[in-house]
Amino acid sequence: MSNSVTFQTLIEYVEELSLEDQDLLIELIQKRRIEKRRAEIAENANQTLAALKSGTAKRGTFADLKADLLSEE
């Protein structure tokens, strides 16, 4: 964001909106956060699939993971 405003100023702007517009803003922000999180999950999945294909991913049980993590200390 190139035109930075303080958080307090932003709150004041939002409070000046009608209740309907405030509700719409909340809904829009929630949807955008959900979409951003979905994109992050998809990217993590793609990285995991790429690691599996390249053979760099580790596989095993929880006990295997625990043993592997503890052996690195």
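The values are calculated or read from the model by the stated rules, or taken from the named source; none is laboratory data. Quantities reported herein were computed from a predicted structural model and do not represent experimental measurements. Cβ coordinates were reconstructed from backbone atoms using ideal geometry, including for glycine residues, and neighbour counts include every protein chain displayed. Keep in mind that these areas ignore ligands, DNA and RNA; they rest on the heavy atoms of the full protein, side chains included. Shrake-Rupley method; radii C 1.70, N 1.55, O 1.52, S 1.80 Å.
Key figures
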{"quantity": "The chain: trypsin sites (Lys or Arg not before Pro) in DSSP loop, at most 15 other beta carbons within 10 Å", "calculated": "58, 59"}
{"quantity": "Accessible area expressed per residue, region 9-62, with surrounding protein chains retained (probe 1.4 Å, Å²)", "calculated": "94"}
{"quantity": "Lys, Arg +1 and Asp, Glu -1 on Cβ, resulting dipole of region 1-42 about Cα centre, debye, nearest 20", "calculated": "480"}
{"quantity": "GNM flexibility winner over the chain from 40, 15, 27 (Cα, springs under 10 Å)", "calculated": "15"}
{"quantity": "Computed E for residue 49/residue 69 - FRET, C-beta separation, R0 25 angstrom, nearest 0.05", "calculated": "0.65"}
{"quantity": "Label corresponding to volume of the Cα convex hull per residue in Å³ when calculated from the structure given, among [x] 72; [y] 89; [z] 199", "calculated": "[z]"}
